[in-house]
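These notes are about the structure you will find just below.
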Amino acid sequence: MAPHFANIPAHLLMWQRVREYAVPLSMIETATARRAVGDWAGACASARINIDFDLRAVRNRYGTEFVTRLRADLRRLAPDLLRWHMPRIAPHGRLRPGLTISLTRYGRPGTTPLQLVVRTPPAWADAGQRMSLALWDEHGDNAPRHHPHPHPDRRFRLDLHRHLWDSSRCGELAARCGADAAPPPAPPDRPHPLAWLEEPVHPDPSDINDHSWASARWAAEAELLLRAEGDSGGVFTVRLGARDRRAFALVAPDDHHVPTFRPLREPLPPQVVAALPVLPEAAARTLPDLALLRAGLVAADGLHPLVAKALSAPGAEPAPGPEPQPGDPHRVVCRGEVHRIALRDGVLTAVDHDPAQLRREELLVALGGPALPCLRAIDAVHRDPQALPAVRERLGHGDVSGALAVVEGLLGPAAVLRDGPLRQALESSAARQLDHGLFRSGLRPVPPPVTRSRTRLRTSPARAR
């Protein structure tokens, strides 16, 4: 049984909502079906990922051999799995905006190779939560000027974690995230997992009470990082907070010893620390799916199928949902009797009232009279239903079709929305889609001009006295 919600860290509750709404099952099924027949572009489209390159132009510029390698990686790409593992921000769990994340590098270690990257739009254009695939060449001119951070981010990189997006490497997930090792028992006071550091940790404000650091596997991940960077110095850094980056030394990084790490005995200048290899966020923190399973906040069948298969989890019992509140709009006490409200002919209606009576009552309401409890309940469902938070969550994560399916399930496909929070949420989501289109075009919405009224209030002397 899952622990009480008061004892669950806020970041786990956020990831629980993300796993429920961010990557719907319909997206996973469609992307998987298209990927199975070799349609990698269709799989990306179903996962709301745009393609910012043309393979013919890439072949003309970089050659046939490179395009062959690139196409092989694109066919192995599971875009729904990539969306599943993308970095997110609190408190709503939306995609971290303005990122350029490297998926794979085509070159030798120590060089600046051509990279396949995925980009997220800036926060002002994140409606739909769409992403884009692109090629990054530092010596080329293909960087989008309208993107806030077109260079690959060193902190958020997945080229060392192909198991988070490559369908042929998902089997490595359990070993890389530490799922095959028993979780250490937590003392009652639950000390911070980085309490062994000599100096206190200064986390970001959004990371307070965040116990998601996976320091037990930092040494193994740092060994992979330094090998990929061609760095033989054995020193790497971990970003513990906005202004807290620590340097560590890798001890015994060879084939005959288990690698370990320790803090540096002498502090390094800030400019030196900034130039050291950075442990990626995917390696520094515990896999959210593993933490959710151990906390009992999600069952194995609630995870992405590739993740659930890799973790081979028996499935924890999901946390109990909120109890249904009294006043269910489908059962209404009206004039001393319990009446039903259900869908009839595609419209939510009071089935226990005669249609002629309903027309008379609606006319009475239009003239200012009191409404029947059944009509008040229908109006409440139209304006502010109990499922409004679920609709907003789906809209926030870009699942417009899922949100409309919920609305149609409540009101019927033939219903006409009335003014209220539900209609405002749908209209706001549709309007924000235009911002993303402007961003894709390299434009930016023009804010309305600020007009200052020159009319001054004039008070007569009599009123002034």
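The values are calculated or read from the model by the stated rules, or taken from the named source; none is laboratory data. All figures in this text were calculated on a predicted structure; none of them were measured in a lab. Cβ coordinates were reconstructed from backbone atoms using ideal geometry, including for glycine residues, and neighbour counts include every protein chain displayed.
Of these, ASP204, ASP210, which one is at pLDDT below 95 and loosely packed, with under 15 Cβ neighbours inside 10 Å? Break it down into steps so the answer makes sense when it comes.
Details: ASP210 fails: loosely packed, with under 15 Cβ neighbours inside 10 Å.
Only one candidate passes the filter, namely ASP204.
Within segment 56-100, work out how many residues are among the hydrophobic types (A, V, I, L, M, F, W, C), in a strand (DSSP E or B) and closer than 21 Å to PRO122 by Cβ.
Taking segment 56-100 as the starting set, the residues that turn out to be among the hydrophobic types (A, V, I, L, M, F, W, C) are 57-58, 66-67, 70, 72, 74, 77-78, 81-82, 84, 86, 89-90, 95, 99.
If we keep only those that are in a strand (DSSP E or B) too, we end up with 77, 89, 95.
From what's left, closer than 21 Å to PRO122 by Cβ: 89, 95.
Number satisfying all stated conditions: 2.
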Item checked: Hits in segment 155-166 (condition: touching a helix residue (DSSP H, G or I) at 6+ places or on another chain (Cβ under 7 Å), assigned to a loop (DSSP other than H, G, I, E, B) and crowded, with 18+ Cβ neighbours inside 10 Å) -> PHE156, LEU158, LEU160, HIS161, TRP165
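GLY38 - would you say it is more than 17 Å from the chain's Cα centre (by Cα), in a loop (DSSP other than H, G, I, E, B) and within 20 Å of PRO305 (Cα to Cα)? Give the steps one after another, and end with the answer.
Details: more than 17 Å from the chain's Cα centre (by Cα): yes; in a loop (DSSP other than H, G, I, E, B): yes; within 20 Å of PRO305 (Cα to Cα): yes.
Yes: the conditions hold for GLY38.
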Next item on the list: Return the pairs, sorted by first residue and then second, in which the second residue is β-branched (Val, Ile, Thr), the first residue lies in segment 280-293 and is over 13 Å from LEU158 (Cβ atoms), the beta carbons are less than 6 Å apart, and the residues are 6+ apart or on different chains.
Entry: ALA284/VAL238; ASP289/VAL307; LEU292/VAL298
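Could you list, in sequence order, all residues of segment 395-423 that are at pLDDT 85 or above and either assigned to a helix (DSSP H, G or I) or not acidic (Asp, Glu) (or both)?
Residues of segment 395-423 that are at pLDDT 85 or above, as a first pass: 395-405.
LEU395, GLY396, HIS397, GLY398, VAL400, SER401, GLY402, ALA403, LEU404, ALA405, listed by residue number.
Here is a yes/no grid of residues against (1) out of contact with any His (no Cβ under 8 Å at 6 or more places or on another chain); (2) under 17 Å from ARG169 (Cβ atoms):
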| residue | (1), (2) |
| --- | --- |
| ALA43 | yes, yes |
| ASN60 | yes, no |
| GLY63 | yes, no |
| PHE66 | yes, no |
| ALA72 | yes, yes |
| ARG75 | yes, yes |
| TRP84 | no, yes |
| ARG88 | yes, no |
Check: Which pairs do you get when a residue that is outside the structural domain of LEU404 (by TED's automatic domain parsing), found in segment 417-446, comes within reach of a residue that is surrounded by fewer than 13 Cβ atoms within 10 Å (Cβ to Cβ) and in a helix (DSSP H, G or I), reach meaning Cβ atoms under 8 angstrom, with the pair 6+ apart or on two chains?
Finding: PRO445/LEU434
Notebook entry, point to check: Could you give every pair whose Cβ atoms fall below 8 Å, whose first residue belongs to segment 379-396 and is assigned by TED's automatic domain parsing to the domain that holds THR349 and buried (at least 16 other Cβ atoms within 10 Å of the Cβ), and whose second residue is of a type in the set (Lys, Arg) and not in a helix (DSSP H, G or I), counting only separations of at least 6 or pairs across chains?
Noted result: HIS382/ARG418; ARG383/ARG418; GLY396/ARG94
Notebook entry, point to check: Of the numbered conditions (1) at positive phi; (2) not in a loop (DSSP other than H, G, I, E, B), ALA430 satisfies every one except a single condition; which is it?
Noted result: (1)
Item checked: Odd one out for PRO152 among (1) assigned to a loop (DSSP other than H, G, I, E, B); (2) touching a helix residue (DSSP H, G or I) at 6+ places or on another chain (Cβ under 9 Å); (3) surrounded by 15 or more Cβ atoms within 10 Å (Cβ to Cβ); (4) modelled with pLDDT of 90 or more -> (2)
Notebook entry, point to check: Could you say whether any residue in segment 403-424 is closer than 26 Å to ILE49 by Cβ and surrounded by fewer than 14 Cβ atoms within 10 Å (Cβ to Cβ)?
Noted result: no
Notebook entry, point to check: Scanning segment 129-148 for residues that are at pLDDT 90 or above and not hydroxyl-bearing (Ser, Thr, Tyr), which turns out surrounded by the most Cβ atoms within 10 Å (Cβ to Cβ)?
Noted result: MET131
Margin query: Report every pair of residues separated by at least 6 positions or lying on different chains whose Cβ atoms are under 7 Å apart, first residue within segment 87-113 and at pLDDT 95 or above, second aromatic (Phe, Trp, Tyr) and part of a loop (DSSP other than H, G, I, E, B).
Written below: PRO87/PHE156; LEU99/PHE156; ILE101/PHE156; LEU103/TRP165
Notebook entry, point to check: What are the residues in segment 380-405 that are closer than 13 Å to VAL332 by Cα and out of contact with any helix residue (DSSP H, G or I) (no Cβ under 9 Å at 6 or more places or on another chain), if any?
Noted result: ALA380
